[in-house]
There are 2 protein chains.
Amino acid sequence: MPAREVSQPATEEASPPAIDYIFHPRSVAVVGVGPPKLGPAGVGTGFVLALQDMAFDGPIYPVNPKHQAVLGLKCYPSLLDIPGPVDHVIFSVPVPAVPQVVEDCVAKGVKSIHFFTAGFRETGEAEAAELERRIVARAREAGIRIIGPNCMGLYCPSSKIAFMPGSPVEPGPVAFLSQSGGNAGDVIFTAVPRGIRFSKIISYGNAADLNEVDFLGYLAEDAETEIIVAYIEGVRDGRRFVRALRHASARKPVVVLKGGRTEGGRRAAFSHTASLAGSALVFDALLRQVGAVRVDSIDELVDLAVAFRFIGRPPGGRGVAVVGAGGGFSVFAADEVNEAGLELPDLSPAVQEELRHFTPVAGTSVRNPVDTNIIMEPGKLSETLRIVASDPNVDVVAFHISLGWGSWRRSLQRDDQPVRLDPGTVVKAMADAIARARDASAKPIIVVARGALDTDSMIYSMQFEDQCQRQGLAIFPTISRACNAIAKMVRWWEMRQDA
Amino acid sequence: MPAREVSQPATEEASPPAIDYIFHPRSVAVVGVGPPKLGPAGVGTGFVLALQDMAFDGPIYPVNPKHQAVLGLKCYPSLLDIPGPVDHVIFSVPVPAVPQVVEDCVAKGVKSIHFFTAGFRETGEAEAAELERRIVARAREAGIRIIGPNCMGLYCPSSKIAFMPGSPVEPGPVAFLSQSGGNAGDVIFTAVPRGIRFSKIISYGNAADLNEVDFLGYLAEDAETEIIVAYIEGVRDGRRFVRALRHASARKPVVVLKGGRTEGGRRAAFSHTASLAGSALVFDALLRQVGAVRVDSIDELVDLAVAFRFIGRPPGGRGVAVVGAGGGFSVFAADEVNEAGLELPDLSPAVQEELRHFTPVAGTSVRNPVDTNIIMEPGKLSETLRIVASDPNVDVVAFHISLGWGSWRRSLQRDDQPVRLDPGTVVKAMADAIARARDASAKPIIVVARGALDTDSMIYSMQFEDQCQRQGLAIFPTISRACNAIAKMVRWWEMRQDA
């Protein structure tokens with residue numbers, strides 16, 4: 001493994017604050033981009049678009065000898081033709097062009113390189129691996145740090161850099177360290193509607209120079225980062241990784257998704273980022289030992305980010321009260337609460353009696369789950385949630401609703417309303433009602449908005465989700481995903497108290 | 001448990017063909033409906049609308065002394081005022097009105113009653129349970145069979161009856177036996193877009209007269225039903241249930257979702273349908289013993305219906321080949337195939353070489369998972385799938401695509417296309433290409449269309465899903481759900497071969 005021999009000693013030198021500058025380039029060059037096309041065609045051009053979308057305040061330099069201008073920016077034949085200094089260079093050129101452009105980076109005094117370019121060690125070809133090794137050695141001897149190759153690079157809203165057009169410009173407290181670029185995009189698309197905003201996203205691919213240890217160490221100290229979530233395929237040096245993970249987990253919640261848990265997954269991880277994925281059992285034991293949270297999918301990773309970000313105060317225990325409409329769904333919800341390792345306490349007689357003021361007898365239940373038909377009436381909904389949260393046996397209240405069909409759609413068309421209700425107004429009133437109950441309670445109240453079944457209900461669901469995230473409510477798509485995240489968060493808090 | 005003493009001996013008498021008539025009423029009365037309102041307000045009126053939507057060819061009689069007409073139909077003050085015979089009566093009246101309307105049914109010579117009306121034994125009140133018992137006894141002594149109370153009743157497209165407006169008029173080979181009415185609606189909404197059509201859906205609530213044993217026995221013999229899926233909260237008589245389930249499972253695939261698997265779920269099941277849910281362990285053992293398939297959610301129940309309906313021929317083994325775009329996603333897919341108990345065989349060198357004709361080297365893989373960027377080119381896609389399916393180690397091919405972002409959206413805007421592509425045309429060409437490969441292969445090829453991230457992608461996804469179901473392709477939302485369904489189906493076939 002010659003590639004390791006070079007990159008390993010190099011990364012030993014990187015102390016966390018030392019790499020802060022890679023997130024704060026004064027200027028960025030993107031080598032190998034084409035002119036603007038009909039749409040955002042090609043990822044190379046996408047990097048320029050992403051920087052423009054963020055209103056990056058330093059110069060952006062497209063580089064390509066074939067073009068005069070790209071996306072309204074002067075395009076330079078080579079890096080050496082750029083008049084000012086260049087801190088960061090994004091490579092979007094084919095592999096054979098890489099060595100010369102690296103030489104240009106050295107000559108230009110570049111500080112960091114992000115290789116979007118793929119086709120190195122992950123191909124399994126000895127020659128490609130050797131080229132990767134040589135490039136890293138050449139860059140490092142010139143003092144240049146490398147992100148990648150074979151990755152999407154850096155997103156850092158506070159310094160106005162991004163790799164994907166349309167990323168949120170406002171920053172937040174969640175950092176995502178991702179060996180895969182596709183997953184980084186998936187996480188942005190799925191976490192942003194649920195209110196998550198990011199301090200940094202780092203897609204680092206083959207990790208030929210800077211690797212998971214360097215980035216974890218950095219994020220552990222990063223003042224912008226309160227929660228770390230990570231997708232990791234392979235670890236270069238187990239001992240250093242354990243140390244970095246323990247260090248980070250002692251400071252903030254660290255949630256880890258391991259790719260390559262199985263034999264098939266390990267083979268795929270090598271084909272993807274040349275990662276040598278070790279034993280899943282060892283990795284799990286390691287996560288437990290250092291106090292990190294293990295997840296098994298991108299969805300679960302986002303759920304845990306939502307739980308740590310928006311549930312905020314740790315629940316006092318495992319008692320969940322479920323509130324919503326639907327008898328069959330209440331049975332599922334009850335099973336799923338219990339199967340997640342949480343409890344479904346009986347509500348006290350006093351609370352049940354208080355709830356009966358709002359809840360007709362036929363076809364409902366004021367036990368737990370509370371199966372009620374008042375969920376579309378904001379005043380009664382808020383009161384119901386507040387009353388349920390007041391029960392001494394309850395630690396978390398989970399309110400569920402389906403915006404796909406049933407009572408929701410019928411309620412929009414109730415004949416006792418003076419005018420037809422506007423769905424946007426209704427979902428805002430509901431989110432506000434839930435937030436009022438949350439503000440009046442000493443316990444977390446979370447929202448489960450069950451999946452959309454058609455485009456109308458998707459529009460309603462997205463409006464509701466948006467209103468909930470504006471209110472800082474934790475929102476999940478299913479009871480079982482919500483309960484799984486709560487259970488893992490409760491365990492994490494208990495572990496910290498024991499430690 | 002006095003209610004049992006009456007209903008139990010009664011159901012012993014019901015031999016399966018004996019209840020076929022309840023699915024073929026010559027006329028239907030709906031008691032307790034209101035006039036048409038702004039929209040389809042109220043479930044009672046919904047039953048009339050549902051029958052009208054199906055173009056039920058017998059008379060529909062709304063009954064309510066307060067109204068002259070409902071939904072364009074003459075409304076009668078009481079059942080006894082209806083001129084012709086009434087076979088089936090749907091009750092949408094409050095509990096106190098029930099006894100008199102039952103007397104009217106007896107006087108009118110009604111054959112079957114469906115009680116939408118709730119508020120009986122499931123309330124936990126002794127008086128309500130006693131009323132339920134008395135009503136069943138009175139009906140049975142007059143030769144009337146009861147569906148419910150506290151349920152949505154019957155959907156049978158071949159006889160043009162339904163409980164929910166907008167249900168498909170065309171029949172299909174899947175029967176759904178559901179103790180919950182909400183779940184029955186959820187299953188229609190989620191299964192229909194994936195191509196599932198139904199022989200019968202039976203929502204039977206408290207099962208005070210006809211129960212799961214009667215309906216299972218009926219569906220086992222029903223010539224319209226090839227696949228039975230069931231949601232059951234509680235079983236009245238364990239021995240008779242085992243016998244009915246064994247009988248049905250010997251004839252067709254039977255997939256069972258048990259509500260009330262946990263202590264909390266059992267309490268909720270009692271509040272919902274007065275069901276006494278027994279031990280989950282005993283129930284599981286029982287399902288295994290009789291050769292039924294256990295599932296744990298509505299989603300999984302629909303997945304198994306799709307697998308049995310559209311994968312058709314049993315896969316020859318557990319070797320899955322995954323084809324699609326995305327390195328990180330390929331790693332997840334590989335892990336999920338293995339974690340579902342399936343295998344991810346290496347593709348043979350000859351197949352890998354054939355694939356390289358279509359697949360550039362950088363950023364792709366022709367191992368398994370095949371990570372390729374040709375998925376938007378129908379000719380190459382069809383060829384790729386056909387070649388992968390030809391590998392002797394492969395038993396099933398899973399093609400995955402995200403219509404949310406990435407290559408899909410960029411491909412719609414490629415500058416080498418003479419005109420902008422229409423998404424509807426593209427998804428049809430893709431579904432056709434997959435179906436061509438399926439037709440040219442001796443092995444199942446299934447589709448995984450990953451979730452929509454916004455309304456545009458939901459429209460694309462629904463169009464693609466629709467094109468796939470028109471081609472009779474099995475379609476799933478995630479790799480892990482597809483693999484779980486395949487694994488359970490393979491085990492089911494193996495069990496039958498052993499038996």
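Values quoted throughout were computed directly from the atomic coordinates according to the rules given, and no laboratory measurement underlies them. None of these values were measured; they are calculated from a predicted model. Backbone-built Cβ (ideal geometry, glycine too); neighbour counts: all protein chains shown.
Some notes on this structure:
- Against the main long axis of the alpha-carbon atoms of chain B, helix B:238-251 sits at an angle near 50°.
- Each copy carries a label point for A:ALA97 at 7 Å from Cα along the beta-carbon vector; from one copy to the others these points are 7.7 nm apart, nearest first.
- For chain B, share of DSSP beta bridges that run antiparallel, in % to the nearest 5: 10 percent
- With a Cα cut-off of under 19 Å and a minimum spacing of 8 residues unless on different chains, the lysine pairs in chain A number 13.
- Between A:ALA69 and A:ARG470, the FRET efficiency from the beta-carbon distance, with R0 = 51 Å, is close to 0.80.
- Pairs of alpha carbons in region A:222-290 separated by more than 17 Å make up 43% of all such pairs.
- Computed over the protein assembly as shown, the Cα gyration tensor eigenvalues convert (square root of 5λ each) into semi-axes of 55, 30, 26 Å, ordered from largest to smallest.
- Net charge over other residues, Cβ less than 12 angstrom from the Cβ of B:PRO173 (K, R count +1; D, E count -1): 0
- A:ALA250 versus B:MET495: modelled label distance in nm, points set 7 Å from Cα along the beta carbon direction: 5.2 nm
- One equal scatterer on each Cα of region B:168-211, no solvent, Debye formula: the resulting log10 I(q)/I(0) at q = 0.15, 0.16, 0.20 Å⁻¹ is -0.37, -0.42, -0.61.
- Taking the label point 7 Å along Cα→Cβ, A:PRO77 and its counterparts in the other copies are spaced 10.1 nm apart, in ascending order.
- Between A:ASP346 and A:SER297, the contour length at 0.36 nm per residue exceeds the Cα-Cα span by 14.4 nm.
- Pairwise Cα distances in chain A exceed 32 Å in 47 percent of cases.
- Separation of region B:298-320 from region A:174-210 is 34 Å, based on Cα centroids.
- Quick note on region B:69-130: its Rg to Rh ratio, both from C-alpha atoms and Rh being the Kirkwood radius, is 1.02.
- Once backbone amide H atoms are built at 1.01 Å from N, A:ALA207 has A:GLY148 as its partners under 5 Å, excluding neighbours fewer than 5 places away on the same chain.
- Rh by Kirkwood over Cα pairs, then Stokes-Einstein D for region B:259-378 at 1.002 mPa s and 20 °C, µm²/s: 119 µm²/s
- The protein assembly as shown - share of DSSP beta bridges that are antiparallel (%, nearest 5): 10 percent
- Where labels lie 7 Å past Cα in the beta-carbon direction, separation of A:LEU281 and B:ALA440 in nm: 4.5 nm
- Label-point separation in nm, B:ASP454 to B:ASN393, each point 7 Å along Cα→Cβ: 4.1 nm
- Segment B:ARG313..B:TYR21, full-extension length gain: 101.8 nm, with 0.36 nm per residue of separation and the alpha-carbon distance subtracted.
- Under Stokes-Einstein, with the Kirkwood radius over Cα pairs as Rh, the value for region A:423-499 at 25 °C and 0.890 mPa s is 179 µm²/s.
- Cα-based helix-to-principal-axis angle, B:2-12 vs chain B, degrees rounded to 10: 70 degrees
- Summing Lys and Arg as +1 and Asp and Glu as -1 over all other residues whose Cβ lies under 12 Å from the Cβ of B:ALA433 gives a net charge of +1.
- Net charge contributed by nearby residues that have their C-beta within less than 10 Å of B:GLY316 (K/R +1, D/E -1): +2
- Label geometry 7 Å along the beta-carbon vector: A:TRP493 inter-copy distances in nm: 4.9
- Pairwise Cα inverse-distance average, inverted: Kirkwood Rh of region A:139-188 (Å): 12.3 Å
- Relative compactness, region B:175-312, computed as alpha-carbon Rg over 2.2 N^0.38 Å: 0.96
- Förster radius 30 Å - calculated FRET efficiency between A:GLU221 and A:GLN289, Cβ distance, rounded to 0.05: 0.90
- Each distinct pair of alpha carbons in region A:80-204 adds a 1/r term; the inverse of their mean, the Kirkwood radius, is 15.5 Å.
- Against chain A, whose longest principal axis comes from its Cα atoms, helix A:126-141 is set at around 80 degrees.
- With contacts taken as Cα pairs under 8 Å at a separation of at least 6 residues, chain B carries a relative contact order of 11 percent.
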